[in-house]
Every structure is written in structure tokens, then in C-alpha cells.
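> Mind having a look at this structure? Questions to follow.
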Amino acid sequence: MSALYKKLFMLLTGTAAGLASWAVMEILLYYGEEIGRHIIWNGLTGAFIGLFFGFFFGSAEGVMFSDSQRAIRGGIIGAALGLLGGAAAVILAQGLVYLIGNTEFFTSSVSESLVVPLSRAAGWGILGLVVGSLEGIRNKSGRRTLIGMAGGFLGGFLGGALLEFLARVWSNELFSRGTGLVILGIGTGLFLGVFEYSRSFGIVRILTGPYKGKDYILTMRKTKLGTSPWTHIPLKDYMGVENNHAHFSADNNGVTISEEQGKVLVNDFEVSSRELKYEDVIQIGSAKLLYLPR
């Protein structure tokens, strides 16, 4: 999957998360009207929205690499963090609305038409921040976590602002909520993809085997390759690849490939460690990869 297709895939992931969240939200809102809505019930609604967003975005990396174990593991971790993040987002938004509503800095009309929607949008930004951090947390990478948090917050905030705006201008609340949640998902997916690429060290494209044509964006300072389920670039279906075969080291000066448990060839020459240049071809077992700096 190329970098462009990955961005499109993230948009589709966000769309699916928004649609799934919409269905659950309508069910919860229906029963909320029956028993009376309050902050705990609103927090529960946010938790379920976060659960779906976390599951879809958390499993995306595994789906892109056709790795079911990676997708399931990422989805479970994402759902758990999304559950907490979604509840926190809604409760935070409610708290901001309450605090602002009890201050004298804004008139009631300005507060209702501008400040309250933006406060709620900030809450959706928190949800996007949590969703964006998932892959970095799973990979234990502070840099990737921060990149994802920035993209996720911006996408969540803008999508949430549109959601709040639509809820005010459309008379059909059902349609406005659904459209708003889909926009929230699209915004989160879009900015996650854009931030990930813009802050990356380059791209590794797999040239051979079952993952041929798939790109991996180098956003971490250390990226591991191998057959272990905990490596960042999985090569489990290739011959001659060790559990932790090699790793990429990256900084602002460039990207270096170094061997760990297995042999590494760069442009058909065996190396223990080498700084990579444009279109260098790396061979690890039966897998060949092309390095493309950003």
C-alpha cells in the first residue's frame, strides 16, 4: 500500500468509525431520553464513540499489512484507550461548557453560539488526541505518539467543530449527528495521515513477496524489522528472516540500516551498518525493500 493509498485508507477508516459510532450513539440517545440524560450517561455515550474510533484506528496498521494478529491486538488496545478517551472527552467538554456558562466574560448569545460549540469541539479534539496516540503507544515510540497526538487533536477538533455547527443549522438532528460523526472520523484520519508523512524520515517500500508494493512511513527513531509480532515492519512470510533481523535508526541527518540477528545487504553488498541514500535497495532474507527519503 503506497503512502497515498494509506492516506485514503485512513480516510475510509475514519468514515467507518464515524458510521459505527453514529449507530451506537442513536441507540444510547434513545434510551437516554427514556431515563433522563445526565453527565454519566453522556460520558457513556462518549465512551462508546471512543471505543469504535479506537478499535478502527488501532487495528488499521495490521489491516494494511494483512496481519490479523497485529490488527486484533491493535484493535483491542485501541478500543480500551478509546473507551477511556471518549468518556474523558465528553466529560471534559461538559465541564468546559459549565465553567464558561457560569462566567461573566461572554454574553449569553456569544456563549451559546460560539464558546459552547468550541468547548465541545475541544472535547472531540481530546478524543482525536487519544486515537492518534494509539500506534505510538503500541510501538513504545514517544515521537510517533506525539506526531499522532498532534494530528489526531487537530482533526478531532476541526471535525468536532463541524459536528457542533451542523447540529445547530440543520433541523434534522439524526442526519446532522451522523454527518458530523463521519466528518469527525474523516478529519481525524486525514490529519493523522498528513502529520505522519510530513514529520517522517522517509518511506520504505517492499518490492518482493506477499507485501509487495506496501509502504511503511518511518516516523520513529528506531524501527525494527523481522518476523516477531512486536517488530514494526513485519516480514513473517519471508524466507531467511530472523525474529529481530535488523533495524532502521533515524534522525535529522538521515536513516541508517543496521543488522541485529541476521544478514543485511544494501545494493547487493553485505553491511553491518550503513547510512542509506535515495533508492538504495535493502535485502533481508528473501525480502527486498526500497528506501525513499522524504
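> Considering only region 236-256, state which residues are exposed (fewer than 15 other Cβ atoms within 10 Å of the Cβ) and small (Gly, Ala, Ser).
240, 254
> Being within 25 Å of residue 133 (Cα to Cα) and in contact with a Leu (Cβ under 6 Å, 6 or more places away or on another chain) is true for just one of 250, 287. Which residue is that?
Values: 287 fails: within 25 Å of residue 133 (Cα to Cα).
Going through 250, 287 in turn, just one is within 25 Å of residue 133 (Cα to Cα) and in contact with a Leu (Cβ under 6 Å, 6 or more places away or on another chain): 250.
> Can you tell me which residue is surrounded by the fewest Cβ atoms within 10 Å (Cβ to Cβ) among those in region 208-225 that are of a type in the set (D, E, K, R) and more than 19 Å from residue 294 (Cβ to Cβ)?
Pass one, region 208-225, residues of a type in the set (D, E, K, R): 212, 214-215, 221-222, 224.
Restricting the remaining residues to those that are more than 19 Å from residue 294 (Cβ to Cβ) gives 212, 224.
On the way: 212: 11, 224: 19.
Within region 208-225, the match that is surrounded by the fewest Cβ atoms within 10 Å (Cβ to Cβ) is 212.
> Out of everything in region 174-186 that is in contact (Cβ under 8 Å) with a residue 24 or more places away in the chain and open to solvent by less than 10 Å² (accessible area, probe 1.4 Å), what residue ends up being nearest to the chain's Cα centre (by Cα)?
Here the answer is 185.
> Out of region 257-294, which residues are hydroxyl-bearing (Ser, Thr, Tyr), open to solvent by 40 Å² or more (accessible area, probe 1.4 Å) and in contact with a Ser or Thr (Cβ under 8 Å, 6 or more places away or on another chain)?
Filtering region 257-294 for residues hydroxyl-bearing (Ser, Thr, Tyr) gives 258, 272-273, 278, 286, 291.
Then keep just the ones that are open to solvent by 40 Å² or more (accessible area, probe 1.4 Å); that gives 272-273, 278, 286.
Passing the criteria: 272, 273, 286.
> Would you mind stating whether residue 86 is at pLDDT 85 or above and not acidic (Asp, Glu)?
no
> Taking residue 202 as the residue in question, decide whether it is more than 15 Å from the chain's Cα centre (by Cα) and open to solvent by less than 20 Å² (accessible area, probe 1.4 Å).
Answer is yes for this residue.
> Assess whether residue 112 counts as being open to solvent by 60 Å² or more (accessible area, probe 1.4 Å), under 21 Å from residue 176 (Cβ atoms) and at pLDDT below 75.
yes
> Hey, another quick one. Starting from region 232-247, take each residue that is in contact (Cβ under 8 Å) with a residue 12 or more places away in the chain and list its partners that are charged (D, E, K, R) and open to solvent by less than 20 Å² (accessible area, probe 1.4 Å), counting only C-beta distances under 7 angstrom and pairs at least six apart or across chains.
234/67; 234/70
The values are calculated or read from the model by the stated rules, or taken from the named source; none is laboratory data. If you're wondering where the values come from, they're calculated on a predicted model, not measured in any experiment. All Cβ positions, even for glycine, are placed from backbone atoms using ideal geometry, and neighbour counts span all protein chains on display. Side chains are part of the model used for accessible areas, which takes the heavy atoms of the whole protein and leaves out ligands, DNA and RNA. Shrake-Rupley method; radii C 1.70, N 1.55, O 1.52, S 1.80 Å.
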